[in-house]
Amino acid sequence: MRQDDRGPFEQALQRARVAAYRPGEFVGQESFMTAGEIRALAVRAGIGSGAAVLDLCCGVAGPGRFVTRELGCDYLGVDASASAVALARDRAGDLPCRFAVAQVPPLPAGSFDVVLLLETMLAFADKDALVRAVAAALAPGGRFAFTLEEGSPLTPDERAAMPDADTVWLTPLAEMIAILERAGLDVTWHEDHSRAHRATAQALAAALAADAPAIAAQIGRRALDELLAAHQLWIEWLGARRARKLALIAEVSGPAGGR
């Protein structure tokens, strides 16, 4: 479901999200990733003190705030939702995080060592335009660290079953690699997290169902039912290998990347 006012949504789901993750693994993420997966991807991408990091579609920036606190960096988070960015700013406290409200693409001006895109690649129907913009924003030797919902496009029946199907654009891995290469980015690493993310989706679905009366009272029964339906579809698709959840890093292949 879409939520322009993210405050009530975040508050309604907080208890279930905390319950679904093992201790220490929930850091405010709005996805199936764990804190350990977020940190490992950030480290592999070279995020550390002094690194200029652009976090696209950051939402309330749980992962971004976590990475900044754990590893240190010059962090800029961007999201189209003004209410999500307001929450991110408030929750960042004294962390050296900056935020901006903007549609992506285009990307903010500047040159970045790392561009992050976590659990949101599927929302972009035109991945070529996005990846070209990412490549243009990366400094020489820069890295694009992202997650990919991998698979063939949804069938008409699958689109009918998935809430907000206009934000669910699966992409085969070979096609994603070709898109990256056209923009001047070479995949240097990828890892399959499908099994772990299916387990997380199951835990989240169970926690949401257990707290259903309280959640429905805050966001409405229809919104909760759509959320549960989406989780169930991901559980089925990941279990049947209809879709995979991958983490990838692609590096600028030349001094000017895709510019």
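The values are calculated or read from the model by the stated rules, or taken from the named source; none is laboratory data. Please read all numbers here as calculations on a predicted model, not as lab measurements. Cβ: placed from backbone, ideal geometry, glycine included. Neighbour counts: every protein chain shown. The area values use the complete protein model at the heavy-atom level, side chains included, leaving out ligands, DNA and RNA. Shrake-Rupley method; radii C 1.70, N 1.55, O 1.52, S 1.80 Å.
I'd like the accessible area for residue 32, computed on protein heavy atoms only with a 1.4 Å probe and all protein chains in place. Round to 10 Å², please.
The accessible area comes out at roughly 20 Å².
With +1 on the Cβ of every Lys and Arg and -1 on the Cβ of every Asp and Glu, and nothing else charged, how large is the dipole of region 47-161 about its Cα centre, in debye rounded to the nearest 20?
With only Lys, Arg, Asp and Glu charged at Cβ, the dipole is about 320 debye.
Can you give the % of DSSP beta bridges in the chain that are antiparallel, to the nearest 5?
Details: 15 of 35 bridges.
Around 45 percent antiparallel, to the nearest 5.
Counting Lys and Arg as +1 and Asp and Glu as -1, each charge on the Cβ, what is the dipole of the chain about the Cα centre in debye, to the nearest 20?
For the chain, the charge dipole is close to 340 debye.
Could you give each residue of region 235-241 its phi-based ³J(HN,Hα) in whole Hz, using Karplus coefficients 6.51, -1.76, 1.60 with θ = phi - 60°, and x for Gly or Pro?
4, 5, 5, 5, x, 8, 6
Determine the share of the chain's accessible area contributed by carbon and sulfur atoms, expressed in whole percent, with a 1.4 angstrom probe.
Answer for the chain: carbon and sulfur cover 52 percent of the accessible area.
Among 131-138, 159-166, how do they line up by average Cβ neighbours within 10 Å per residue, starting with the highest?
131-138, 159-166
Mind listing the long-range amide H neighbours of residue 119? Cut-off is under 5 Å, sequence gap 5 or more, other chains count too, H placed in the peptide plane at 1.01 Å from N.
Long-range HN contacts for residue 119: 147.
May I ask you to compute the full-extension gain from residue 91 to residue 128, defined as 0.36 nm times their residue separation minus their alpha-carbon distance, rounded to one decimal in nm? Mind dumping the intermediate values first?
Details: separation 37, 0.36 × 37 = 13.32 nm, distance 3.30 nm.
Residue separation times 0.36 nm, minus the Cα-Cα distance, leaves 10.0 nm.
Can you work out ³J(HN,Hα) from phi for every residue in region 163-169, in order, using Karplus 6.51 cos²θ - 1.76 cosθ + 1.60 and θ = phi - 60°, giving whole Hz and x for Gly and Pro?
In residue order, the calculated couplings are x, 6, 4, 6, 10, 10, 10 Hz.
Put 150, 10 in order of accessible area, largest first, 1.4 Å probe: what do you get? Present the calculation step by step, with values, prior to reporting the outcome.
Details: 150 30, 10 5 Å².
Ranked list, largest accessible area first: 150, 10.
Taking only C-alpha pairs under 8 Å that are 6+ residues apart, what is the relative contact order of the chain in percent?
This gives 22 percent for the chain.
In whole Hz, what ³J(HN,Hα) sequence does region 218-223 give by Karplus (6.51, -1.76, 1.60; θ = phi - 60°), x for Gly and Pro?
Residue by residue, region 218-223 yields 9, 10, x, 5, 4, 4 Hz.
For the chain, what does the helix formula give at 222 nm: sum of -39500 (n - 2.57) over DSSP H segments with n ≥ 4, over the residue count, nearest 500 deg cm²/dmol?
-14000 deg cm²/dmol
Calculate the spin-label point distance for residue 80 paired with residue 44, positioning each point 7 Å from the Cα along the beta-carbon direction, and give it in nanometres.
Modelled inter-label distance: 2.8 nm.
Using Cα centres only, tell me the gap between region 136-182 and region 63-97 in whole Å.
If you average the Cα positions of each part, the centres end up 24 Å apart.
Quick query: amide H of residue 142 versus all other amide H atoms, modeled in the peptide plane; which residues come in under 5 Å with a sequence gap of 5 or more or a different chain?
Hits under the 5 Å cutoff: 252.
What is the Cα coordinate range of region 1-67 on the first, second and third principal axes, sorted by size from largest, in whole angstrom?
For region 1-67, the Cα extents along the three principal axes come out at 35, 28, 17 Å.
Relative to the longest principal axis of the chain, what angle (0 to 90°, nearest 10) does the C-alpha long axis of helix 35-44 take?
The angle comes out near 10 degrees.
Between the helical axis of 82-92 and the dominant principal axis of the chain, each derived from Cα atoms, what acute angle in degrees is found, rounded to the nearest 10?
Value to nearest ten degrees: 80.
With axes computed from alpha carbons, what is the tilt in degrees of helix 173-182 against the longest principal axis of the chain, rounded to the nearest 10 within 0 to 90?
Relative to the chain, helix 173-182 is tipped by roughly 30 degrees.
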